[in-house]
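K.L.:
Take a look at the following structure, please.
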Amino acid sequence: MADSLDFLGPILEMMTWVGFVPGVPLLISAWVLAKRRCVWGTAAGEQFAAGGFLGVQWLDQSNEEQKVLLDIPAHDGSIDSRSVVVHYDLCHPSRCSLQPPRHDNTVLILGWILTGVGILSTLGGFFLLLL
């Protein structure tokens, strides 16, 4: 039994470093990315057809009219003016979508997993010292 516990100590020490060294910087970079991300707003807009493509126009938060052509072909050019909900970037209003934005949280998730491995390995190392 003592041989397996002696072998487990260096493994837990290595897993502590493997977890903390990349995990904490990933959490910090995820926090920085979240702070730098622009907020998206929503507005009521209208669809229109132009040049065979679908376009959207809306009034942004400063009551300026925005018009954007989407990369969606219009159906036979028979698009009547329809009301839609437009999701747009407040910093760059030309970045818009008819779907709500999805933010990529890969860096945050990976940072939490690696930091969690480091914490569990540290706790396991301390518990191993008590035995």
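The values are calculated or read from the model by the stated rules, or taken from the named source; none is laboratory data. The structure presented is a predicted model; accordingly, all values stated were derived computationally and were not measured. In this analysis, Cβ positions are derived from the backbone assuming ideal geometry, glycine residues included, and neighbour counts consider all displayed protein chains. SASA here: full protein model, heavy atoms, side chains in, ligands and nucleic acids out. Shrake-Rupley method; radii C 1.70, N 1.55, O 1.52, S 1.80 Å.
K.L.:
Condition check: under 30 Å from L128 (Cβ atoms), open to solvent by 60 Å² or more (accessible area, probe 1.4 Å), outside any loop (DSSP other than H, G, I, E, B) and not polar (S, T, N, Q). Does W17 satisfy that?
P.N.:
For W17, the condition - under 30 Å from L128 (Cβ atoms), open to solvent by 60 Å² or more (accessible area, probe 1.4 Å), outside any loop (DSSP other than H, G, I, E, B) and not polar (S, T, N, Q) - is met.
K.L.:
Let me ask something else about it. Would you confirm, using the coordinates I've provided, whether A50 is among the aliphatic types (A, V, I, L, M) and in contact with a helix residue (DSSP H, G or I) (Cβ under 6 Å, 6 or more places away or on another chain)?
P.N.:
For A50, the condition - among the aliphatic types (A, V, I, L, M) and in contact with a helix residue (DSSP H, G or I) (Cβ under 6 Å, 6 or more places away or on another chain) - is not met.
K.L.:
Let me ask something else. From the residues in region 25-75 that are on the phi > 0 side of the Ramachandran plot and out of contact with any Gly (no Cβ under 9 Å at 6 or more places or on another chain), which one is least open to solvent (accessible area, probe 1.4 Å)?
P.N.:
In the first step, residues of region 25-75 are kept if they are on the phi > 0 side of the Ramachandran plot; the result is 51-52, 63.
Restricting the remaining residues to those that are out of contact with any Gly (no Cβ under 9 Å at 6 or more places or on another chain) gives 51, 63.
Working: G51: 78, N63: 123 Å².
Among those residues, the one meeting the criterion is G51.
K.L.:
I've got another one for you. Anything in region 83-131 that is basic (K, R) and surrounded by 10 or more Cβ atoms within 10 Å (Cβ to Cβ)? List them, or say none.
P.N.:
R95
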